[in-house]
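What follows is calculated from the coordinates using simple rules that are stated; it is not laboratory data. Here the structure is a predicted model, which means the values were calculated and not measured.
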Amino acid sequence: MAKSDIKFKIPSTVFYIEPIRAFIGNLAQSLGFSRKRVADIQLVLDEICSNPIHHGSVDATVGVKLQIRIDTHSLEILVRDTGSPQAGEKSWLTQERLSEIEENRSPSSERGHGIFIAKSLADTHEMHPNSVGGTDVRVVFGL
C-alpha cells in the first residue's frame with residue numbers, strides 16, 4: 001500500500017468527535033488493527049481532539065484540522081489547532097506547562113490525563129507549538 005493522506009477540518013465543538021471516532025475506528029479496523037488496538041486508537045483520538053476543541057480555538061468557527069496518514073506499517077494522526085491565545089501569550093503549550101500538567105496529574109484531578117493516555121497508548125506521541133499560534137499533536141500506531 002502506498003502512503004495515503006486524508007485531511008479534513010471539523011468545527012471546534014464536541015459534536016464532531018463521535019463521527020471522527022467512528023471513521024478512524026473503521027479505518028483502523030480495515031487496516032488490520034485488532035479490536036483492542038482500535039479501541040486504544042479511538043480513545044487517544046478522543047483525547048487529542050478534546051483538548052483543541054476545549055482549549056485550542058477561539059471559537060467553533062475556527063475549527064480543528066486533522067491529517068491522517070496511512071501506509072503499510074502505521075496509522076498516523078495529526079491534530080492541529082490555531083490556538084486561543086491569552087493576552088500576550090503566543091501558545092498555551094510550553095515545556096514548563098507540559099511539565100506542570102504532568103506533575104500535577106492525579107486521580108482526583110481532571111487535568112493531564114489525556115496527555116498521559118496518548119503517551120501510554122500510542123507508539124509515538126509528540127506535541128509542539130505550530131506556526132499559527134496553536135498546537136500540533138501527532139500520534140502514530142504501528143501495524
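Remarks
- Added length on full extension, which subtracts the Cα-Cα distance from 0.36 nm per residue, Thr124 to Ser74: 16.9 nm
- Listed by chain and number, the lysines placed with their C-alpha closer than 23 angstrom to that of Lys36 are Lys119; residues fewer than eight positions away on the same chain are left out.
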